[in-house]
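The values are calculated or read from the model by the stated rules, or taken from the named source; none is laboratory data. Because the structure is a prediction, the values reported are computed rather than measured. As a convention, Cβ positions derive from the backbone with ideal geometry for all residues, glycine included, and neighbour counts pool all protein chains shown.
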């Protein structure tokens, strides 16, 4: 994102960040900084989207730079924390909200308003000319947007908006094995590709939770096999071996077990006997859609 500068008077009261001692003059950023701030990931992405960052440089495990809004303010942040997609999404969403709020100011000069709208257009891909237009677009969509690295902008997740299910910043970030475990249990209620992610809802009884996962993480067969094996073992050991499991619940578990295997037993005892005999020899099929016995 670009380094558009906005007046410091507005930003001064926007976010209060803890100050750290000034850089020494010999630091990689060159000229002495009046103030050094240690940012978390959400703050970093907020400032990157809101006004831009300058003199950004990675030194070891840290990223150093200056806030474009006031180059005398320097920052540092651990590089590893920048990989948190929830914090990135939250920071950029906050920047959009603040930029739109700023447009409502009665003392805003024309150049500053244009710079703010330029930032909004770059972040969202939308083009509006007034505060009222930006507000009218943002308010019904703000809970249903996600930053896409692929498209380099916030995108509206239409299915979430239509269903009235906000994309919360605290959406659970799954590993591939966890995803395939939930899929094997039949607990992935819905999912869809959005940019570089797969987003959806998973049922972890008795609750439904939003999740996200990098789409490329789902390509590996090893994680899928492990996830399916966990799901199968969970349904047999914690399900079929439980005498309390009866009726429709028992039938539902047996039906789900059959979807993960080549077998079609219809009673509890047959599945338990099959598991005891072959459970340690199950591998992912060539098609990748079920577990088969390794011969």
Q) Can you name the residue in segment 201-232 that is under 11 Å from residue 185 (Cβ atoms) and surrounded by 14 or more Cβ atoms within 10 Å (Cβ to Cβ) and, of all such residues, is farthest from the chain's Cα centre (by Cα)? A) 232
Q) What residue, of 175, 261, is modelled with pLDDT of 90 or more and either more than 23 Å from residue 286 (Cα to Cα) or in contact with a strand residue (DSSP E or B) (Cβ under 8 Å, 6 or more places away or on another chain) (or both)? A) 261
(Q) Quick check on residue 257: is it touching a helix residue (DSSP H, G or I) at 6+ places or on another chain (Cβ under 7 Å) and surrounded by 12 or more Cβ atoms within 10 Å (Cβ to Cβ)? (A) yes
Q: Would you check which residues across segment 268-287 are loosely packed, with under 11 Cβ neighbours inside 10 Å and not in a helix (DSSP H, G or I) and list them?
A: 286, 287
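Per-residue answers, yes or no, for (1) in contact (Cβ under 8 Å) with a residue 40 or more places away in the chain; (2) part of a helix (DSSP H, G or I); (3) under 28 Å from residue 156 (Cα atoms):
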residue: 202; (1), (2), (3): no, no, yes
residue: 218; (1), (2), (3): yes, yes, yes
residue: 225; (1), (2), (3): yes, yes, no
residue: 230; (1), (2), (3): yes, yes, no
residue: 235; (1), (2), (3): yes, yes, no
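Residue-wise test of (1) surrounded by fewer than 16 Cβ atoms within 10 Å (Cβ to Cβ); (2) in contact with a strand residue (DSSP E or B) (Cβ under 6 Å, 6 or more places away or on another chain); (3) modelled with pLDDT of 85 or more.
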residue: 98; (1), (2), (3): no, no, yes
residue: 106; (1), (2), (3): yes, no, no
residue: 124; (1), (2), (3): no, yes, yes
residue: 128; (1), (2), (3): no, no, yes
